[in-house]
1. Can you tell me which residue within the range 77-105, out of those that are over 13 Å from the mean Cα position of the chain (by Cα) and within 16 Å of Ile52 (Cα to Cα), is most open to solvent (accessible area, probe 1.4 Å)?
2. Within the set of pairs 6 or more residues apart or between chains, which connect a residue that is within 19 Å of Val76 (Cβ to Cβ) inside the range 110-135 to a residue that is of a type in the set (Gly, Ala, Ser) and open to solvent by less than 100 Å² (accessible area, probe 1.4 Å) with Cβ atoms less than 7 Å apart?
3. How many residues, within the range 20-69, are among the polar types (S, T, N, Q) and farther than 25 Å from Ile6 by Cα?
4. State yes or no: is Leu28 surrounded by 13 or more Cβ atoms within 10 Å (Cβ to Cβ) and modelled with pLDDT under 95?
5. How do the pairs read when you match residues in the range 46-68 that are aromatic (Phe, Trp, Tyr) with residues anywhere that are in a loop (DSSP other than H, G, I, E, B) and open to solvent by 10 Å² or more (accessible area, probe 1.4 Å), using Cβ under 7 Å and keeping only pairs 6 or more apart or on different chains?
Amino acid sequence: MLNYAIRTINSEVEFMNIILTDGSYIILEGDERKVSIPFPKGIATVHTHPGICLFSYKDLETADSLFSSGYIVVSVMNNDCVSSLYRCGVYTFEDKSVLKNTVNKVRKAKTVEELLNIYKNLIFPNYLKFITYSI
């Protein structure tokens, strides 16, 4: 997806890769600063961001829906880094509540510093994990 991330940096058009339940994958092209689709049955997805590689509040709402339908990994990336939310067990009510609370915090964040602080302190009580790493 790195080539697609570079394309997104240059054009702001986002791309999404979905790994389907049978192991195959699809790559979809979205619009400037968004990709909107009805999600097929899958296990993982990553989409590109033109800026910071952290989840927007809409991305977090989508992650909640995807975890509820069986996805294991939901990620965002740019050409420098990847952020992932992943399940290492069932998607519990407690993890869902923390994710929903994070949606509200991210929605209200006004600066990049506020956003970074939200993610720096993000801890789920059970089986949902958050990680950001450099490419």
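1. The residue in question is Asp80.
2. So the pair list comes out as Leu115/Ala109; Ile118/Ala109; Ile131/Ser84; Thr132/Ser83.
3. Count: 4.
4. yes
5. Between residues of the range 46-68 that are aromatic (Phe, Trp, Tyr) and residues that are in a loop (DSSP other than H, G, I, E, B) and open to solvent by 10 Å² or more (accessible area, probe 1.4 Å), the close pairs are Phe67/Tyr91.
The values are calculated or read from the model by the stated rules, or taken from the named source; none is laboratory data. Being a predicted model, the structure only gives us computed values, none of them experimental. Note that each Cβ is placed from the backbone with ideal geometry, even for glycine, and that neighbours are counted across all protein chains shown. Ligands, DNA and RNA are stripped out before the accessible areas are found, and what is left, the full protein with its side chains, is counted by its heavy atoms. Shrake-Rupley method; radii C 1.70, N 1.55, O 1.52, S 1.80 Å.
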